[in-house]
Amino acid sequence: METVSRYPLSRLNVKNRFFGAIVLFMLATLAPFLAAGEARAEFRVCNGTQNLVGVAIGYRAKEGWISEGWWQVPATTCATLIEGELQSRYYYLYAEDAARGGRWTGNVNMCVAENEFKIVGVQDCFARGFQRMGFKEYDTGRQGSWMVQLSDTPGTEESQNR
């Protein structure tokens, strides 16, 4: 005995094409919103002050300790210092307020230069023609992303994973 379809074959094809078109339309419409919700991996610094801030970062790499800078971060904006998944657990930050001369420092000494720099090694900063500054340590706990918020008020600096 032959199975009989309720609808003629041509009507099923039209129905399936219509359904497929609706699904494609919905995916095309929702794709930008789904992608926008994805977290980007990076190390960011946000300047919560009313002044321009210069920022330097330090980290451990294959070639040894690296310090690099300067990122100029305007008032109430953020800058990405490292793009992509963070490779180290610990990162070190030093920042200066360009207008008022305030600093965000720590106890880990690394080398910095007057202008844009990438320095390998933390020993003999002065002998190599650099300055030595105290960087603050951030334990990212091996998170893929991290953000530091710089603030005018002492003790209100925040760091967080994203």
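General observations
- Relative packing of peptides 95-101, 66-72 - highest average C-beta neighbours within 10 Å first: 66-72, 95-101
- Figure legend: label point modelled 7 angstrom from the Cα of VAL120 along Cα→Cβ; residues of segment 67-105 with amide N under 13 Å from it are 67.
FYI, it's all coordinate maths here, none of it is from the lab. These numbers were taken from a predicted model, which means no experiment stands behind them. FYI the Cβ positions are ideal-geometry reconstructions off the backbone, even for glycines, and counts take in every protein chain you see.
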